[in-house]
Amino acid sequence: QRQKRSPFLMDSPLEVDEEWGSPIHHMIAGAAAGTVEHCGMFPFDTIKTKQQAIAQSIPVHATMRQIIAKEGVRGLFRGITAVAAGAAPAHALTFVVYEAAKHVLGANRSGQHPFSVAAAGILSTLVHDAFVSPFETIKQRMQLRCRPYKNAMECARNIVKAHGARALWAGYTTTLTMNVPYSASYFACYEYTKKYIRERMSLDPSVPHTPTHLFAGGLAGGIAAAVTNPLDVVRTRLQTQGEMGQGPRQYSGLLDCLKKIAREEGVSTFARGLKYRIIFHTGSGAMIWTTYEYVKYLLTEG
């Protein structure tokens, strides 16, 4: 009996079938990739957060010098404990959902299936963002260092005491609004580029190829970051309001924040942090996919 075809599938001569593999392997590989990527790229994220959170426009190099002058090199890593605590389980969930969704939607079959991949990426993002949003809020407030938090737990307690537990998910709607298009383009671009390179170079799809994963992951991260930067600025403002001496609450939500930034600071503000966001996500994509593909391969072959 002929198997029913998914409406998401698109015909293409590229690549042979990929095996789904073990969910446990996906979780372990995802946890490893998330930890490596978040810790390795953290200084760039600190600089980006500082640039986006303030109303004045300050050059990137000046922001970095300012952080180091006031806090030393350790200032670039302030808040990393919150990220390290959330990165491993969040990425374990991300990749196990992503791989399962790819399998169900038929994206592992021969050919290019960008819509199936994009849908799988979106589903994984819904799970990831619900888990990681509190860690992001804590991390960004610690990065700004407008208040002398001793550690991530003290920061979390202070947020809950001052604004309630819901404040830990401040900017969650904006995060989803940003990350849905980000993930759709990110995962689709990575898989398409990876398969295209494999076909052109006649590579074995069952064996990792470092240059392919570095290039495909970096390209996907850079493109997705550039497209969604305006919403990242809004998310940063929502998650850090009350920390910059502007009162307890400056923006009531996503649309209010968009309108106020455009009216009071100009549309160019939405490009703030763009350079470092692209650098961050290019490096992030390269690191996370290379780590993930290799750890998954080692676990499968082992």
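Sub-8 Å Cβ pairs linking a first residue in the stretch 99-125 that is charged (D, E, K, R) to a second residue that is surrounded by fewer than 18 Cβ atoms within 10 Å (Cβ to Cβ) and part of a helix (DSSP H, G or I), at least 6 apart or interchain, are Glu99/Pro23, ordered by first then second residue. Take Met153 and decide whether it is at pLDDT 80 or above and among the hydrophobic types (A, V, I, L, M, F, W, C). Criteria met by Met153. Scanning the stretch 106-146 for residues being β-branched (Val, Ile, Thr), within 18 Å of Tyr190 (Cα to Cα) and either open to solvent by 30 Å² or more (accessible area, probe 1.4 Å) or more than 17 Å from the chain's Cα centre (by Cα) (or both) gives a total of 1. Just to check your reading of the model, which residue among Lys161, Lys150 is surrounded by fewer than 19 Cβ atoms within 10 Å (Cβ to Cβ), assigned to a helix (DSSP H, G or I), charged (D, E, K, R) and more than 20 Å from the chain's Cα centre (by Cα)? None of the other options fit; the residue is Lys161.
Hey, any hits in the stretch 191-203 for a residue that's closer than 27 Å to Lys275 by Cβ and either touching an Asp or Glu at 6+ places or on another chain (Cβ under 6 Å) or assigned to a loop (DSSP other than H, G, I, E, B) (or both)? No, because not a single residue in the stretch 191-203 is closer than 27 Å to Lys275 by Cβ and either touching an Asp or Glu at 6+ places or on another chain (Cβ under 6 Å) or assigned to a loop (DSSP other than H, G, I, E, B) (or both). Do we find that Thr94 is over 25 Å from Ala188 (Cβ atoms) and hydroxyl-bearing (Ser, Thr, Tyr) in this structure? No; evaluated as a whole, the condition is false for this residue.
When the stretch 16-53 is limited to residues that are surrounded by fewer than 20 Cβ atoms within 10 Å (Cβ to Cβ), in contact with a Ser or Thr (Cβ under 9 Å, 6 or more places away or on another chain) and at pLDDT below 70, the one that is nearest to Gly266 (Cα to Cα) turns out to be Glu18.
Considering only residues of the stretch 176-205 that are of a type in the set (Ser, Thr, Tyr) and without any contact (Cβ under 8 Å) to a residue 40 or more places away in the chain, which is most open to solvent (accessible area, probe 1.4 Å)?
Filtering the stretch 176-205 for residues that are of a type in the set (Ser, Thr, Tyr) and without any contact (Cβ under 8 Å) to a residue 40 or more places away in the chain, the one most open to solvent (accessible area, probe 1.4 Å) comes out as Ser202.
Does Leu255 satisfy the criteria of being in a helix (DSSP H, G or I), without any contact (Cβ under 8 Å) to a residue 40 or more places away in the chain and open to solvent by 10 Å² or more (accessible area, probe 1.4 Å)? Yes; evaluated as a whole, the condition is true for this residue.
Yes/no per residue for (1) modelled with pLDDT of 90 or more; (2) in contact with a helix residue (DSSP H, G or I) (Cβ under 8 Å, 6 or more places away or on another chain); (3) among the hydrophobic types (A, V, I, L, M, F, W, C); (4) under 20 Å from Val117 (Cβ atoms):
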{"position": "Tyr172", "(1), (2), (3), (4)": "no, yes, no, no"}
{"position": "Leu176", "(1), (2), (3), (4)": "no, yes, yes, yes"}
{"position": "Ser185", "(1), (2), (3), (4)": "yes, yes, no, yes"}
{"position": "Glu191", "(1), (2), (3), (4)": "yes, yes, no, yes"}
{"position": "Tyr196", "(1), (2), (3), (4)": "yes, no, no, yes"}
{"position": "Leu203", "(1), (2), (3), (4)": "yes, yes, yes, yes"}
{"position": "Thr210", "(1), (2), (3), (4)": "yes, yes, no, no"}
{"position": "Gly222", "(1), (2), (3), (4)": "yes, yes, no, yes"}
{"position": "Val227", "(1), (2), (3), (4)": "no, yes, yes, yes"}
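The values are calculated or read from the model by the stated rules, or taken from the named source; none is laboratory data. Worth saying up front: this structure is predicted, and the values here are computed from it rather than measured. When we count neighbours, we look across all protein chains shown, and the Cβ atoms used for this are built from the backbone with ideal geometry, even at glycine. What goes into the accessible areas is simple: the full protein's heavy atoms, side chains included, and nothing from ligands, DNA or RNA. Shrake-Rupley method; radii C 1.70, N 1.55, O 1.52, S 1.80 Å.
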